1. When only residues in the stretch 335-356 that are charged (D, E, K, R) and more than 20 Å from the chain's Cα centre (by Cα) count, which is farthest from E382 (Cα to Cα)?
2. What number of residues in the stretch 27-50 are among the hydrophobic types (A, V, I, L, M, F, W, C) and either surrounded by fewer than 16 Cβ atoms within 10 Å (Cβ to Cβ) or at pLDDT below 90 (or both)?
3. Between G386, G355, which is more than 30 Å from T163 (Cα to Cα), not in a loop (DSSP other than H, G, I, E, B) and not acidic (D, E)?
4. Looking at A398, A381, A408, A329 in this structure, which one is at pLDDT 95 or above, under 18 Å from A221 (Cα atoms) and among the small types (G, A, S)?
5. Kindly establish whether V198 is touching an Asp or Glu at 6+ places or on another chain (Cβ under 8 Å) and of a type in the set (A, V, I, L, M).
6. Residues of the stretch 400-419 being crowded, with 19+ Cβ neighbours inside 10 Å and of a type in the set (D, E, K, R), which ones?
Amino acid sequence: MTTDPKTPLPDGWHMVALGDVAKIIMGQSPPGSTVSDWDGELEEEPGLPFIQGNAEFGARSPTAVKWCATPLKIAEPGDTLLSVRAPVGATNRAECELAIGRGLAAVRFNDSQTPFGWHIVNHAKYELDRLTQGSTFSAIGSDVLRSLPIPLPPLEEQRGIATVLDTIDEAIERSEAIIAATERLHDALLHELLTRGVPGRHSEYRDVPVLGTIPASWEAAQLGEVATINRGLSWSRDQELPAAEEGSTPVVRIGNVQRDGFKMDDVLHIKGVSSQELERHQISDNHLIMVGSNGNPDRVGNLYLANNEVVGHVMASFLIGIKPFKGVATKYLDLSLSSWRPQRAITESTSGSTGLRNLSLEFLRSLRVALPPLPEQEEIAEALDGVEASIAQSKAQADTLRSLKASAAEALLTGTVRVRGK
């Protein structure tokens, strides 16, 4: 969104400073003695929910993990919560009174402008990001925020714009609710299949450490007994190339592995990879790729099925390749290792003293996995295919709606497309 005061605006619109049309409440950290955890056991709430910064932000509104008995700065219901520290511009809505810390500001429009205000501040994140580029520490102060130029249409048009954008937001929320519900169904079905087997197939069960209850006829094998496990390749700086060339090898680095899958728009190519290194580290179509080292312990153990985007690449050293032996279905092993019990064991096993958490290959090779006969492995994987396809379809729909929201917001909030309220 352009906020250049010289940019022509539609008739009846004005470029104004945010501080002229909204009250800006900059957050302030209260004394530590007034902040506490609360687990709901006390009869009375110990003050107000305390939101220090954007770490507590959710999809629409924040979730408090602390409470403040004597808040210094308070956001009211309906206020737009704006992150004033990295990432600057992130927004949430206050659904109730909140104590806010110095990482946030509350932007409070009058009642008639509150719905429009949420959208205009949310869209201004791009301008705020531009204002903080080049800063050593990404943050904005009250003066910058109050002087932020925003285009302001007549009140009737504000209401019309808010109605259109709210309608898209509601559709996005419905899609996200469907995704969350379907993911819960997936996890429940996966747990049932990994502990009870295919329905009607088993009548006797046994308990296995880490795995819990499994059918008595299943094997409880160590992962190193059913798959080859290798950490990725290390290389020297002089092997790196500015672009692909004949004989070079593409690399999947930790930055290419995001929570929602592979992102291969920035691929490094290296030279001088030996045939032995290729044999050990090159990704095949039945590989699983696991995050083996990361500063965020929750990322360690994240698992991905290799796809056509990465087959033929080599893995970098922060990643671990798991290649199942014959008789082990790759998709089944992916589901088994991604379930909550192995993931908890992996998280608890990580170590590191410099902020980087590392997963030991020795531990991973000793990790127990439940192994039914191959036909039942394939049945379990197939039983979840439909649920996963539904999740993927819902996520694609939500992404389409988000793109629509961004395009509609740009057009409506700059006056490129006009809408009239009632």
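1. Quick first cut of the stretch 335-356, residues charged (D, E, K, R) only: 341, 344, 348.
With the extra rule that they be more than 20 Å from the chain's Cα centre (by Cα), the set shrinks to 341, 348.
Working: R341: 21, E348: 30 Å.
Here the residue is E348.
2. Start the filter on the stretch 27-50 by keeping residues that are among the hydrophobic types (A, V, I, L, M, F, W, C), which leaves 35, 38, 42, 48, 50.
With the extra rule that they be either surrounded by fewer than 16 Cβ atoms within 10 Å (Cβ to Cβ) or at pLDDT below 90 (or both), the set shrinks to 38, 42.
Counting residues in the stretch 27-50 that are among the hydrophobic types (A, V, I, L, M, F, W, C) and either surrounded by fewer than 16 Cβ atoms within 10 Å (Cβ to Cβ) or at pLDDT below 90 (or both) gives 2.
3. Working: G355 fails: not in a loop (DSSP other than H, G, I, E, B).
Within the list G386, G355, the selection yields G386.
4. Details: A398 fails: under 18 Å from A221 (Cα atoms); A381 fails: under 18 Å from A221 (Cα atoms); A408 fails: under 18 Å from A221 (Cα atoms).
Exactly one residue qualifies, and that residue is A329.
5. Values: touching an Asp or Glu at 6+ places or on another chain (Cβ under 8 Å): yes; of a type in the set (A, V, I, L, M): yes.
Spelling it out, V198 is indeed touching an Asp or Glu at 6+ places or on another chain (Cβ under 8 Å) and of a type in the set (A, V, I, L, M).
6. Hit for the stretch 400-419 is K405, nothing else.
Residue-wise test of (1) in a helix (DSSP H, G or I); (2) touching a Ser or Thr at 6+ places or on another chain (Cβ under 8 Å); (3) of a type in the set (A, V, I, L, M).
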{"residue": "G327", "(1), (2), (3)": "no, no, no"}
{"residue": "P342", "(1), (2), (3)": "yes, yes, no"}
{"residue": "E362", "(1), (2), (3)": "yes, no, no"}
{"residue": "E379", "(1), (2), (3)": "yes, no, no"}
{"residue": "R402", "(1), (2), (3)": "yes, no, no"}
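Let's see how each residue does on (1) within 26 Å of the chain's Cα centre (by Cα); (2) hydrophobic (A, V, I, L, M, F, W, C):
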{"position": "I74", "(1), (2)": "no, yes"}
{"position": "N92", "(1), (2)": "yes, no"}
{"position": "I100", "(1), (2)": "yes, yes"}
{"position": "G103", "(1), (2)": "yes, no"}
{"position": "H119", "(1), (2)": "yes, no"}
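The values are calculated or read from the model by the stated rules, or taken from the named source; none is laboratory data. All values derive from a computational prediction rather than experimental measurement. A quick note on method: Cβ atoms are made from the backbone with ideal geometry, for glycine too, and the neighbour counts reach across all protein chains shown.
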